[in-house]
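Asker: My questions will all concern the structure given below.
The values are calculated or read from the model by the stated rules, or taken from the named source; none is laboratory data. Source: prediction; values computed, not measured. Here Cβ is always computed from backbone atoms with ideal geometry, including for glycine, and neighbour counts include all displayed protein chains.
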Amino acid sequence: MENFVGKKVKISWFACTSKGARILSLNHLTSKDTQLLFYLLYKIDQNNRVRFTNYKTISNELTYFVEQGLIEEIEELDKNKNKNKNKPFKTEYPEYANKDIQDLKIAKKVEESSFSLSSVKKSMKNLRDLNILTKDVDYAKTLFINPEYFYAGDYTTNKDKQDYYDNCKKLYKNNKDNKDNNDNNDNKQEEE
């Protein structure tokens with residue numbers, strides 16, 4: 001199924017169902033899982049798909065968002081206290097390289113809050129295990145968000161989206177099981 005909604009539009013909202021709210025409230029998600037989930041929801045299109053380049057890009061963008069948020073928080077504190085210590089903030093993001101901030105301790109906070117490649121992969125696996133998302137089997141480098149929990153676009157297409165999600169999940173699981181079986185067979189042949 002190519003698209004559930006014919007016309008491509010820029011999504012400015014998504015809906016969270018009561019089941020989605022329940023998942024979020026059950027504390028099965030770590031803070032990294034939650035951050036990743038909302039990052040993906042930020043990128044969702046009207047067909048419940050999220051396209052991405054690679055996990056490293058997601059890691060960099062999430063770290064950037066954390067850094068940007070912390071910088072804005074410090075700048076707000078500076079504004080409120082009318083203090084301005086001219087300490088340069090050291091960052092790999094050029095748009096913030098010359099920012100004046102109150103305290104360079106923020107660099108440590110960014111480092112602690114940053115998303116490593118392994119934390120993105122682990123959180124992605126946790127979201128798949130919780131049935132929140134799956135890989136889209138028809139499109140490379142695309143995730144499909146479970147419309148039972150979150151959806152964008154017209155709610156009347158959710159039945160079709162849910163059927164598609166279930167099919168993607170089943171095919172992804174079958175492909176993964178086949179790969180695991182092939183790996184086990186290769187290991188057995190090496191032992192003999």
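Asker: If you go through the range 29-70, how many residues are charged (D, E, K, R), out of contact with any helix residue (DSSP H, G or I) (no Cβ under 7 Å at 6 or more places or on another chain) and crowded, with 19+ Cβ neighbours inside 10 Å?
Answerer: The total comes to 2.
Asker: Leu104 passes all but one of (1) in a loop (DSSP other than H, G, I, E, B); (2) at pLDDT 60 or above; (3) touching a Lys or Arg at 6+ places or on another chain (Cβ under 8 Å); which number fails?
Answerer: (2)
Asker: Here is a follow-up. From the residues in the range 147-176 that are surrounded by 18 or more Cβ atoms within 10 Å (Cβ to Cβ) and without any contact (Cβ under 8 Å) to a residue 40 or more places away in the chain, which one is nearest to Asp129 (Cα to Cα)?
Answerer: Lys169
Asker: Working only within the range 13-67, note down all residues that are under 20 Å from Ala140 (Cα atoms), free of Cβ contacts under 8 Å to residues at least 12 places away in the same chain and over 10 Å from the mean Cα position of the chain (by Cα).
Answerer: Thr57, the sole residue that qualifies.
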